[in-house]
Amino acid sequence: MRVADTETADLPDDPAALRALLSAALSRCDALEAERDGIAAERDALAERNERLRHLLEKLRRMQFGRRSERLPEDQLQLAFEELEASIAEAAAEAGKTSPEQREGTVRRRRAGRGRLPAHLPRVEVVLAPEATTCPCCDGALVEIGIDTSERLDVTPARFRVLVTRRPKLACRACPGTVLQAPAPPRLVEGGG
């Protein structure tokens with residue numbers, strides 16, 4: 001039995017089934033061609049970037065080790081370094097766009113913030129309660145439903161302490177939607193935490 005006979009033995013005799021197999025094979029070929037084209041474009045872009053970096057490196061080598069007449073002035077060298085840093089940053093940004101892990105890491109670092117102030121520092125607590133402790137609608141007693149707490153670092157020469165400002169939130173049990181709270185004290189730097 002020849003090789004061609006064994007390959008055709010697995011094919012169906014129905015023309016519609018053969019058309020479906022041919023259609024599936026053609027679509028697979030199209031997908032593979034599109035993937036190949038994308039990889040080729042990426043390869044070309046990387047080759048162009050490598051060539052640019054190689055050119056910059058050659059300029060820097062010529063500056064460092066070349067003959068005096070070929071050496072670049074110091075300002076030109078700085079420009080080359082800036083161009084190199086810009087292309088590295090561009091490559092990192094490209095990688096960040098395509099890599100979801102790197103994007104998540106960047107977002108996590110941004111959201112981390114400065115964290116809490118050290119626990120070993122002494123704390124001075126100031127409670128700012130509203131002037132009125134009765135409901136403005138019905139003169140009923142207000143109850144505490146929560147508290148906003150903020151910490152900031154206070155520096156006295158050669159001494160650190162944390163100022164804790166507590167502002168209780170008071171609400172009336174009889175009136176829905178009535179909540180009172182003292183205004184926050186002004187900050188040294190407007191918008192500072």
Margin query: Give me, ordered by chain and number, the residues 5 or more places off D148 or on other chains with an amide H under 5 Å from its own placed amide H.
Written below: R167, K169
Next item on the list: Scan around L142 for amide H atoms under 5 Å from its own, H built in the peptide plane at 1.01 Å from N, and keep only partners 5 or more places away or cross-chain.
Entry: C135
Checklist line | Paramagnetic label zone (point 7 Å from Cα along Cα-to-C-beta, D139; backbone N under 18 Å) in segment 149-177 | finding: 172-175
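Read the figures in this text as sums done on the coordinates, not as results from a lab. The structure presented is a predicted model; accordingly, all values stated were derived computationally and were not measured. Ideal geometry is used to build each Cβ from the backbone, glycine not excepted, and the neighbour counts take in all protein chains shown.
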